[in-house]
1. With the structure loaded, tell me whether Glu5 is surrounded by fewer than 16 Cβ atoms within 10 Å (Cβ to Cβ) and either on the phi > 0 side of the Ramachandran plot or modelled with pLDDT of 90 or more (or both) or whether it fails that test.
2. Which residues, counting only those in the stretch 169-202, are at pLDDT 80 or above, over 24 Å from Val53 (Cα atoms) and among the hydroxyl-bearing types (Ser, Thr, Tyr)?
3. Kindly evaluate Val11 against the criterion of being touching a Cys at 6+ places or on another chain (Cβ under 6 Å), hydrophobic (A, V, I, L, M, F, W, C) and either under 28 Å from Gly259 (Cβ atoms) or surrounded by 18 or more Cβ atoms within 10 Å (Cβ to Cβ) (or both).
4. Between Ile333, Ile312, which is under 28 Å from Glu236 (Cβ atoms), in contact with a helix residue (DSSP H, G or I) (Cβ under 9 Å, 6 or more places away or on another chain) and part of a strand (DSSP E or B)?
5. Out of Leu208, Leu249, report the one residue that is modelled with pLDDT of 95 or more and either among the aliphatic types (A, V, I, L, M) or in a loop (DSSP other than H, G, I, E, B) (or both).
6. State yes or no: is Ala105 crowded, with 23+ Cβ neighbours inside 10 Å, touching a helix residue (DSSP H, G or I) at 6+ places or on another chain (Cβ under 6 Å) and within 29 Å of Glu236 (Cβ to Cβ)?
7. Among the residues of the stretch 330-377 satisfying the criterion of being within 30 Å of Lys266 (Cα to Cα) and among the hydroxyl-bearing types (Ser, Thr, Tyr), which is nearest to the chain's Cα centre (by Cα)?
8. So which of Gly350, Gly361, Gly336, Gly300 ends up being without any contact (Cβ under 8 Å) to a residue 40 or more places away in the chain and either under 30 Å from Val194 (Cα atoms) or not assigned by TED's automatic domain parsing to the domain that holds Lys224 (or both)?
Amino acid sequence: MNIREEVLSKVNKIVVKIGTHVLTNADGLLDGNQIMELSRQIIILCTNGYKVVVVTSGAIGAGIGALGRCKRPTILPELQAAAAIGQGKLMEIYNECFKSQGYHAAQLLLTRQDFEDRQRYLNTSNTLHTLLRFKTIPIINENDTIAIEEIAFGDNDILSALVTNLLRADLLILLSSIDGLYTTLPNSGKKSTVLPIVNEVSDDIKKLAFKFKTRQGMGGMESKLEAARNVTNSGEVVIIANGKQPNILQKIMNFENVGTLFLPTKKKITSRKRWIGFSVRPNGKIYIDEGAFEALKKRGKSLLPSGIVGAIGNFVKGDIVSIIMDIDGEKEIARGLINYSTEEVLKIKGLRTSLIKKALGIKSYDEVIHRDNLFLL
């Protein structure tokens, strides 16, 4: 049994992210035949027993085509208007494709706030898990009419990672117009090959990221590698592959050597720690000393005030903060849910827990961040 078969044979729940370049033709118009072909492949996955959620781009491209525009707008309101026009057209095609095979398409338009707010996060999770119990394929997109995450973060790559972690899906497939992670930029005149397997999204791997821009949208490897890092650090598998390659989804699930496979770097972690580690953007930074670093990383301890050397930001109790080890340059080593405000942390930093009450007049917690509310990066 090779490594692909070993990790992919355990997969049950899959998130398939389909990029703009996969769904549009050379003129930037939505390609209905391509959506139909990918829908056919997704139905095959479902009939084979997999639970599948689709994160789709293409709404802006569909709107641009409907408006008869020859290039992507550069003004935010025009981008959002194109998304509003194109979203219905995109879903209409998906629904027709699935309906012909006896499946329903369920639309969810999400923003970053749906992941950062804990109650909305849980509500979204409950809705998706309920939909997966029926003969339904959820189709998720960024709500571009009110948010700009796709524009800012790179063609829904980060959104698909957030959805994967929310669902605790076993596999994220990032379908793009490229074959995988290249050793050099294609068409650069140098020999370029696709890496079949990546063990960790290390600094050296990140150097292989490249950026490109076309008139239909924005893309590149940087956001895909960030998505892969988030998912593999949660204990799941990621594959980047070419969505225009015939029967690509079946080839992947038949363990064929296509695309780039990113292996998990950790054991599967809990939903709560995924939320802390990747769903919420930190609202400040806590700087720690080497002793605290050793306690957190090697002994699984909570963060106490004695190991804190500084704090910046404007956080309050219950916020998510970054934990920074500042020895060889600023390095984020963890994220956690804080028990004290910025002002309080600055008053108790470096103190023993027995002195917290004297410094603040009250001691609500011994721990600044409890280990149960801490995610190590």
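The values are calculated or read from the model by the stated rules, or taken from the named source; none is laboratory data. Bear in mind that the values here come from a model prediction, so they are computed numbers and not experimental data. Glycine also receives a Cβ, built like all others from the backbone with ideal geometry; neighbour counts cover every protein chain displayed.
1. Details: surrounded by fewer than 16 Cβ atoms within 10 Å (Cβ to Cβ): yes; either on the phi > 0 side of the Ramachandran plot or modelled with pLDDT of 90 or more (or both): yes.
Taking the combined requirement at face value, the residue satisfies it.
2. Once the filter is applied, which keeps residues that are at pLDDT 80 or above, over 24 Å from Val53 (Cα atoms) and among the hydroxyl-bearing types (Ser, Thr, Tyr), the stretch 169-202 yields Tyr182, Thr183, Thr193, Ser202.
3. On the way: touching a Cys at 6+ places or on another chain (Cβ under 6 Å): no; hydrophobic (A, V, I, L, M, F, W, C): yes; either under 28 Å from Gly259 (Cβ atoms) or surrounded by 18 or more Cβ atoms within 10 Å (Cβ to Cβ) (or both): yes.
Answer is no for this residue.
4. Ile333
5. Answer to the check: Leu249.
6. no
7. The first filter runs over the stretch 330-377 and keeps only residues within 30 Å of Lys266 (Cα to Cα), leaving 330-340, 365-377.
From what's left, among the hydroxyl-bearing types (Ser, Thr, Tyr): 340, 365.
Details: Tyr340: 29, Tyr365: 33 Å.
Across the stretch 330-377, the extreme among qualifying residues is Tyr340.
8. Sole residue among the options that is without any contact (Cβ under 8 Å) to a residue 40 or more places away in the chain and either under 30 Å from Val194 (Cα atoms) or not assigned by TED's automatic domain parsing to the domain that holds Lys224 (or both): Gly361.
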